[in-house]
């Protein structure tokens, strides 16, 4: 097995387990594939697949995971490119990039203003306001005809947590001041 902070001593993948809402044991091959993914050690096609297989083995519903997997496939829709001048560092921007592969902003959503709000809150503020952020995501999922129940809320929380961690790893000292030279 490889080293991963989400792999427990008994080989349980915490990412896949959170997605499946049950215990998912990881194989060495699965861990390697996950770490080679463009979104390693997080929700990706490998961890979604592991969760889907485990739920199927247990005879539990898999519909929401299948939808998630179908939407996660990179060829399902073209990626929205972000212009560097429009980018503002923060957890909201990280979440927006993560969702861009399947949830494109439209004229009726508040995606940009909510991402800006999350950026204003920063990592700690997003953790304090996690329920509000999850409500936003569930509301948007419902508007778009996507699953929006308890299971989806668990997945959404995983996405928000990942966005916060990504932001913190990129900017451990907080966001750069506007006007700072970024080499």
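The table below gives the values:
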quantity: Residue within the stretch 95-102 that is surrounded by fewer than 13 Cβ atoms within 10 Å (Cβ to Cβ) and modelled with pLDDT under 80 present; calculated: no
quantity: Residue check for residue 55: over 22 Å from residue 157 (Cα atoms) and assigned to a helix (DSSP H, G or I); calculated: no
quantity: Residues of the stretch 144-158 classified as assigned to a helix (DSSP H, G or I) and buried (at least 18 other Cβ atoms within 10 Å of the Cβ), total; calculated: 4
quantity: Some residue of the stretch 25-38 being within 19 Å of the chain's Cα centre (by Cα) and in contact (Cβ under 8 Å) with a residue 60 or more places away in the chain; calculated: no
quantity: Check on residue 46, in contact with a strand residue (DSSP E or B) (Cβ under 8 Å, 6 or more places away or on another chain) and under 17 Å from residue 155 (Cβ atoms); calculated: no
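The values are calculated or read from the model by the stated rules, or taken from the named source; none is laboratory data. Computed from a predicted model, the values in this text were never measured in an experiment. Methodologically, a virtual Cβ is constructed for each residue, glycine included, from the backbone with ideal geometry; neighbour enumeration extends over all protein chains shown.
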